[in-house]
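The values are calculated or read from the model by the stated rules, or taken from the named source; none is laboratory data. These numbers come from a predicted model, not from an experiment. Ideal geometry is used to build each Cβ from the backbone, glycine not excepted, and the neighbour counts take in all protein chains shown.
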Amino acid sequence: MVGEFPELQGIIGGYLARSQGQPNPVADAIRDHYKPAGQWDEVPTEPVTVAVNVAERLDSLVSFFSIGEKPTGSRDPFALRRAALGFLQILTRNGLRLPLSDVLVQAAVLLIVWRLGAIDSVSFPDLLNADEDEHEITAQVGSFTYRHGDRVVVRWDASETPNIERGQIIEEAGDLAQAILEFLEDRLKVQQKEAGVRHDLIDAVFALGDEDDLVRLLARVKALQAFVGTDEGLDLLTGYKRAANILKKENWSEPPAATRASTYETLAEEAALDEALDIADPQAARAVDEEDFERAMKVLASLRAPVVAFFDHVTVNDPDPVKRERRLNLLARFRDAVHRVADFSKIEG
């Protein structure tokens with residue numbers, strides 16, 4: 001029937017399931033299994049339907065990427081772009097908070113270990129409720145644990161899988177997860193472009209390397225887009241790029257703590273920027289932690305005046321090495337404070 005009438009895909013299955021006595025959540029999940037079919041299609045919201053849709057799309061992406069069947073150019077025989085867009089729409093429109101890097105590693109490990117015939121020995125602890133004191137990758141007699149940040153992502157009983165190269169599995173799973181995350185980033189740009197969100201701002205947040213919760217990422221991007229459209233935002237962006245260019249040219253990566261004891265009287269503009277950073281940096285960090293990105297942008301905006309004054313009155317590359325070091329470190333502090341919100345080097349203009 002679906003072969004003759006493809007528009008009935010899922011719909012007829014829902015009717016059949018209901019007529020066979022399946023519970024309504026199951027019948028609804030079958031009916032809505034292929035939604036959303038396009039950018040503006042209805043997105044499922046019922047828990048069972050969402051769980052099945054997310055699991056199916058994750059399985060498709062991980063499985064096909066694992067055998068090298070990822071879309072190239074106009075070639076996408078397994079409709080992975082559509083699967084990715086549907087996955088992103090389900091997450092973002094339902095406000096689902098998933099640590100994607102961890103979830104993708106889990107799915108990849110599950111697939112790899114299943115192929116090795118050791119599926120019963122793998123477990124995935126609660127991502128948000130794991131505080132074991134272990135290193136990033138710990139292999140002990142009888143157990144193996146992989147951590148991502150402060151979360152335990154994968155654990156399995158090593159005694160049941162003595163012939164499995166566990167480190168190799170994690171490396172393969174990590175590479176696979178990273179490739180899919182980059183693919184999803186590209187799809188997210190396509191999805192958000194029609195909503196008026198700039199792709200370079202998505203790049204600026206992804207470039208931080210610590211943001212894979214798409215709901216939080218888009219909140220950060222939208223606050224950033226509003227900010228860079230203001231005079232304060234444009235001035236701060238100009239100051240950031242000037243500072244970043246100087247630091248790059250000087251190949252300067254020393255942290256502020258490396259500053260040697262000052263033997264000269266600092267200029268007023270140096271002191272003003274130093275004091276402004278002492279206030280703004282922790283405030284911006286706290287606002288980001290609390291996911292109040294608009295407040296974080298306002299905090300960064302307070303650096304506008306001292307940064308402009310610094311560049312107007314201070315010679316960074318002073319012949320005196322102590323002055324030069326301290327001023328370069330001030331610029332490094334400024335760059336790092338801005339990076340708490342986004343990597344401004346990725347922003348166009």
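Here are a few things to note about the model shown:
- Taken over the range 281-335, residues that are under 23 Å from S253 (Cβ atoms) and within 24 Å of the chain's Cα centre (by Cα) amount to 10.
- Matching residues in the range 41-60 - criterion: being in contact with a Lys or Arg (Cβ under 9 Å, 6 or more places away or on another chain) and not hydroxyl-bearing (S, T, Y): D41, E42, V43, P44, N53
- Verdict on V197 being within 30 Å of R81 (Cβ to Cβ), at pLDDT below 90, in a helix (DSSP H, G or I) and in contact with a Leu (Cβ under 8 Å, 6 or more places away or on another chain): no
- G95 vs. criteria modelled with pLDDT of 90 or more and not β-branched (V, I, T): yes
- Once the range 13-51 is narrowed to residues that are among the small types (G, A, S) and outside any helix (DSSP H, G or I), the residue that is surrounded by the most Cβ atoms within 10 Å (Cβ to Cβ) is A37.
- Residue check for E182: modelled with pLDDT of 90 or more, assigned to a helix (DSSP H, G or I) and surrounded by fewer than 17 Cβ atoms within 10 Å (Cβ to Cβ): yes
- Members of the range 203-236 that are in contact (Cβ under 8 Å) with a residue 12 or more places away in the chain, among the acidic types (D, E) and assigned to a helix (DSSP H, G or I): D203, E232, D235
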